[in-house]
Amino acid sequence: KRITDRLFKTGIIELIAGVEQGKSPSRRFGQLFRVYLKTLGIPVVSAKDFQKKKIAILEGSDATLKNFAAQKLGYRGDKGLDLVLKINKQFYIGETKFISTPGGTQDKSFRETMTFISKPERLARRIAILDGVVWLTGKGQRTNLYSNLLRLKSDQLVMSALLLKEFILAESKTR
């Protein structure tokens, strides 16, 4: 229902344009994700304004987000971040991956993301935004990736980008 609602809201012209455009390599998903964040209706703001907002997404490159998280949240990871989010007084740091096919470097990316969310942070929660074949669950289609998601601990946050807005709104009511 959510996907159908979103498709109808997108409109036929944009839907056709999206269907006709060529496939994007999965490694470009982070940049596409930043564009997508601006469509959610959640403020995407600079570091200067980020701390002042109750709910906001930090704007910037992987390195900018990593530097903010390192300086303000004690993040000690090696990689840049795709998401720094604030919901009331809770901060979230995240990685995004689009897994287009199982196997090879796609599985490696998935494993890196699972390692990322398994490491605790003192001042932020870690979140993984995953899309693609990781969510295949139909008979004969369940991937090993999806099976791994079923074994995550309840405090390990993993979701599709399509659910991020709903997550933010729900968390804003509970925190």
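The values are calculated or read from the model by the stated rules, or taken from the named source; none is laboratory data. As the structure is a computational prediction, the values presented were derived from the model and not from experiment. Here the Cβ positions follow ideal geometry from the backbone for every residue, glycine too, while neighbour counts run over all protein chains shown. What goes into the accessible areas is simple: the full protein's heavy atoms, side chains included, and nothing from ligands, DNA or RNA. Shrake-Rupley method; radii C 1.70, N 1.55, O 1.52, S 1.80 Å.
Key figures
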| item | result |
| --- | --- |
| Fraction of beta bridges assigned by DSSP in the chain that are antiparallel (%, nearest 5) | 40 |
| Choice from A17, A47, A161 showing the highest fluctuation, given a GNM over the chain with Cα pairs closer than 10 Å | A17 |
| Net charge of Cβ neighbours under 9 Å - reference V44; Lys, Arg +1; Asp, Glu -1 | +1 |
| Listed values (1) -0.81, -1.08, -1.27; (2) -0.93, -1.32, -1.54; (3) -0.89, -1.07, -1.20, entry calculated as log10 I(q)/I(0) by the Debye sum over Cα atoms at q = 0.15, 0.18, 0.20 Å⁻¹ | (2) |
| Residue among G74, G11, G94 with the largest mean-square fluctuation in a Gaussian network model of the chain, springs linking Cα atoms under 10 Å | G11 |
| For Y75, net neighbour charge (Lys/Arg +1, Asp/Glu -1) across residues whose Cβ lies under 15 Å away | +4 |
| Accessible-area ranking of K119, K79, K89, largest first, probe 1.4 Å | K89, K119, K79 |
| Whole-Hz couplings from phi, Karplus 6.51/-1.76/1.60, listed for the stretch 85-93; x for Gly and Pro | 10, 10, 10, 6, 9, 9, 9, 10, 10 |
| Extension gain, E20 back to K165 (0.36 nm per residue minus Cα-Cα distance, nm) | 49.6 nm |
| Interchain or long-range residues, amide H under 5 Å from V44's placed H | I57 |
| Accessible heavy-atom area order of R122, R2, highest first, probe of 1.4 Å | R122, R2 |
